[in-house]
Structure formats: structure tokens, C-alpha cells
Amino acid sequence: MDRDGLTVMPEAAPTLAGPGVLPGWWPHLRSGRPDSTTGPARGGAAFRALGSRPYRLYFLGQVASASGTFLQATALGWLVLQLTGSATTLGLVLAAGSLPTLLLGPWGGVLADRFDLRMLLIGTQLASGLLAAALWVAAETGAAGVGLLVTIGVASGLVSVADSPARQAFAATLVSPRDLASAISLNGVVMNSARVVGPAVAALLIATVDTTPCFALNALSYLAVIGALLAIGRRAPTAGRATQRGGVREGLHYAGTKPQLWLPLAMMSLVGLLAFNFGVVLPVLAQRDFGGGGGTYGLMSTVLSCGAVLGSLGAGLVHHPRRVYLAAAAVVFGIGLAGTAAAPNVPTACVALALTGMAAFMFVTLTSTTLQLHATPAYRGRIMALFSFLYLGTTPIGSPLTGWITSGFGARAALLVGAAACLLAGAAAYSVHTPPASEISQPG
């Protein structure tokens with residue numbers, strides 16, 4: 001699940017790279033180095049990774065699993081609001097799943113850098129599937145109280161500490177360095193498309209049946225990933241143990257010495273804290289500001305997801321991601337949130353949410369792409385764990401804070417706070433000094 005649901009979504013960091021991504025605002029890395037691509041991609045590059053059978057199997061598993069994840073995330077927000085009627089409680093429940101990431105997130109990257117990624121993922125997927133099944137049983141039997149939901153959320157968060165960076169690092173082992181950008185791009189397309197399919201199916205089930213079937217379908221979806229990992233077998237290379245000693249401290253030092261790593265991470269820390277709390281704000285906006293029900297909430301979530309798909313496609317058209325693009329995405333994200341806050345009705349809000357989703361997930365995918373392409377394999381797990389830590393681990397602070405703002409001042413005020421955070425991050429990126437090529441071109 002993602003930070004808009006009870007548990008942290010392992011793929012919650014949607015990633016997308018355009019054809020032949022070679023960041024232009026920091027120097028091109030020379031081919032042959034561990035963290036380089038091999039040059040500009042040509043026609044069809046976005047789908048080139050599918051030529052790898054191991055990646056193709058993994059990709060198909062992700063299609064099913066991601067849809068189930070967002071299906072459950074949408075249903076869960078509505079279930080909690082039905083049980084409690086409190087935006088503050090909703091924020092606290094959602095934060096529970098991210099608490100382990102806040103406390104232990106960076107250490108998950110150490111595991112991903114040191115252990116067999118395939119076997120690690122089989123274990124985490126099995127555990128996540130069992131926890132989703134427990135949520136299904138609890139909802140079916142009427143035992144889904146706040147305390148149980150929090151417990152399941154914390155347990156799922158613990159699993160995600162290792163799962164999130166391992167997933168992102170594993171995809172890079174299934175393709176050649178030349179096809180890495182394509183693999184990242186396809187993962188982003190899957191995730192953002194699932195943001196459309198999942199909420200749409202959830203809205204239909206909530207309106208016609210109940211939230212319970214959503215949890216059952218998500219539990220079953222984990223079988224697709226496990227099956228894909230088993231089918232891959234030993235054909236796919238695994239990321240062996242890190243070639244350099246050390247743990248979290250070394251990862252932090254490595255990120256701090258490379259501007260192409262620390263700037264996106266710094267921006268995500270601010271935006272992730274205050275802007276990515278849709279699971280807290282949208283149910284309240286739909287119910288209290290627009291007087292709608294589950295269908296309205298599902299519609300708004302679906303429109304947001306459609307915008308995310310457009311953002312993914314837009315990021316794919318950027319051949320050379322630059323600092324100015326990342327800054328612009330953050331600014332437009334803020335404008336979209338402000339527009340949603342000012343919307344007088346549902347149709348207007350949907351237009352603003354489409355812009356919000358487009359900019360928000362363009363920002364996330366550009367950030368993740370930059371990190372994955374510019375972290376050496378020995379540090380990639382730790383760098384992506386830092387990304388997950390900032391994107392997901394801030395939820396125990398951001399969700400309750402957003403819930404408190406929503407309860408005290410309304411959903412529109414919470415959206416404006418998120419907008420201010422995005423604008424501030426964008427302004428900071430515009431004003432940062434980028435070292436000359438000679439200062440940052442060497443791997444850390």
C-alpha cells in the first residue's frame with residue numbers, strides 16, 4: 001500500500017524515466033561506470049526492458065499486485081472514516097503503517113544491499129499477503145476496530161522497511177545498464193496506472209457491495225508477485241552483498257557528497273511531509289465539503305490517478321531531466337493543490353486534482369529516476385531506502401498533522417498547507433547552486 005493507505009506500499013515510490021534519461025542539470029556520467037547509462041535511447045526505448053524475460057515476468061506480477069494495493073488503499077480510507085467519523089483518527093491510523101519506516105527505514109537499505117534480493121522479496125511478499133488476508137478476515141467478521149487496524153499497519157510497515165528498497169533495487173538487476181531507464185519507466189507506468197484501476201474498482205465495490213472484497217482481492221494479488229519471483233528463478237542476477245563496507249552512516253555520507261542525490265532528497269523531505277496526504281484530505285473533502293459519499297471519493301481518487309498517469313507519460317518525454325524540471329513539477333504540484341482547495345464544486349475539484357496528480361507524480365518519478373540512475377549499485381539500496389524514508393517515513397508526522405489541520409480548519413486549509421510546502425521546495429531548487437561538472441562527475 002502507499003502512504004494514502006493503512007500500510008506502506010513497497011512500490012510507493014513510483015519511478016519513471018524517459019527514453020534515454022541522461023540528466024542534464026548535473027553532468028552526464030561516462031559509460032562504463034557502475035551508475036551510468038550507455039547513451040541516449042532511441043525509438044521504443046520506454047519498452048526496451050520488456051525484452052528481458054526475467055523483467056517481463058516481474059513486470060506482469062507488478063501489474064496485478066499494484067492494482068490490488070491501490071484497491072485496498074482506497075477502501076481502507078473510507079472504512080476508517082466510516083468507523084470513526086474523525087479525520088484526526090484517520091490520520092493516526094494511516095500514520096501507523098509508516099512508523100516503522102520513520103524509525104527503521106534507512107536500515108532496510110542495508111539489508112537490500114547485502115542480501116539476495118529475490119529471496120528477500122519472496123519473504124516480504126508472503127508476509128504482506130498474509131497481513132492483507134488478516135485485514136480481510138477482520139473486516140468480514142466485524143472485528144476491524146481501530147486498534148487492530150493500527151496493529152496490522154505497524155506489522156505491514158515493518159515488512160515494508162526491507163521490501164521497499166529491495167523492490168526498487170531488484171528491478172535494476174533484471175536488465176542491462178543500458179535498459180535501466182526503461183525498467184524504471186515501466187515501473188512508473190504500472191504504479192500510476194494502478195492508481196486509476198485500483199480506486200475505480202474500489203469505488204464500484206464500495207458503492208455496490210462493501211469495502212471487504214477490496215481487502216480480499218489485494219490479499220490474492222500478492223500471489224502474482226510471488227509466482228513471478230519463483231518463475232524468474234536463478235535466471236535473473238541478484239544484487240550481491242555491498243562491495244563496500246558500512247551501513248546507514250556511509251549511505252548518508254555518500255548521498256551528502258553528490259548534489260544529484262541530496263537535492264532531490266531534500267525536496268522530497270518537505271513535499272512528502274505536508275503534500276502527499278491525499279488519504280487524509282480527500283475523504284473529508286468529498287464527504288464534508290461536497291456532501292458526497294464513497295462514489296464521490298472514488299471519483300476524486302480516480303481523477304487524481306489519471307493525472308498521475310499523464311504525469312508519468314509527460315516525464316517519459318523528458319530526455320534530459322534537469323533541476324529546473326524538478327523545480328517546475330514541485331511548483332505546479334503546489335498550484336494544483338491550491339486550485340483544489342479553492343474549488344467550489346466536484347467538477348472543478350476534479351480538474352484541479354488532475355493537474356495535481358500530473359505534477360505530483362512527475363515530481364516523484366523524476367526524483368526517483370535521478371536517484372536510481374546516479375547511485376552506484378553498492379549504495380542503491382541505501383539511497384532508495386532514504387528516498388522511501390523521506391517519502392513514506394514522514395507519514396507518522398505528516399498524516400496526524402494534516403488530520404489535525406483538517407479537523408480544526410477544514411480540508412481546504414490542509415490542501416493550502418501542502419501547496420505552500422511544494423512552492424517552497426520548488427523555490428529552493430531554483431535557487432540552489434549546482435557545482436561545475438568537474439566537481440560532481442566522479443562517483444562517490
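The values are calculated or read from the model by the stated rules, or taken from the named source; none is laboratory data. Fair warning: this is a prediction, and the values are worked out from it, not measured in the lab. Quick reminder, even Gly has a Cβ in these numbers, built from the backbone with ideal geometry, and neighbours come from all protein chains shown.
Residue count for region 386-426, restricted to those that are surrounded by fewer than 19 Cβ atoms within 10 Å (Cβ to Cβ) and free of Cβ contacts under 8 Å to residues at least 24 places away in the same chain: 2. Yes or no: Q72 in a helix (DSSP H, G or I) and buried (at least 24 other Cβ atoms within 10 Å of the Cβ)? Considered against the rule, which asks whether it is in a helix (DSSP H, G or I) and buried (at least 24 other Cβ atoms within 10 Å of the Cβ), Q72 comes out as yes.
Looking across region 401-444, the residues that are part of a helix (DSSP H, G or I) and modelled with pLDDT under 70 come down to A437, S438, E439, I440.
This table checks each residue for (1) outside any helix (DSSP H, G or I); (2) buried (at least 24 other Cβ atoms within 10 Å of the Cβ); (3) modelled with pLDDT of 80 or more.
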| residue | (1), (2), (3) |
| --- | --- |
| A13 | yes, yes, no |
| A17 | yes, yes, no |
| G24 | yes, no, no |
| L29 | yes, no, no |
| R33 | yes, no, no |
| F47 | no, no, no |
| L81 | no, no, yes |
| L90 | no, yes, no |
| L102 | no, no, no |
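So, A194, is that one of a type in the set (A, V, I, L, M), in a helix (DSSP H, G or I), in contact (Cβ under 8 Å) with a residue 60 or more places away in the chain and crowded, with 21+ Cβ neighbours inside 10 Å or not? Spelling it out, A194 is indeed of a type in the set (A, V, I, L, M), in a helix (DSSP H, G or I), in contact (Cβ under 8 Å) with a residue 60 or more places away in the chain and crowded, with 21+ Cβ neighbours inside 10 Å.
Checking each residue in region 201-227 for being farther than 24 Å from T296 by Cβ and among the β-branched types (V, I, T) picks out V225, I226. Looking across A138, A166, one residue alone is of a type outside the set (K, R), in a helix (DSSP H, G or I) and either more than 20 Å from C214 (Cβ to Cβ) or touching a Gly at 6+ places or on another chain (Cβ under 6 Å) (or both). It is A166.
Given the residues G298, G339, which is the only one that is under 26 Å from A200 (Cβ atoms) and at pLDDT below 90?
After applying the criteria, what remains is G298.
The listed residues are A112, A139, and the only one of them that is surrounded by 20 or more Cβ atoms within 10 Å (Cβ to Cβ) and under 18 Å from Y55 (Cβ atoms) turns out to be A112.
Once region 353-384 is narrowed to residues that are of a type in the set (G, A, S) and at pLDDT below 80, the residue that is surrounded by the fewest Cβ atoms within 10 Å (Cβ to Cβ) is A378.
Cβ-Cβ contacts under 8 Å between residues 6 or more apart (or on different chains), taken from a first residue in region 369-385 that is farther than 16 Å from L102 by Cα to a second residue that is aromatic (F, W, Y) and in a helix (DSSP H, G or I), are listed as L371/F387; A375/Y254; Y379/Y254.
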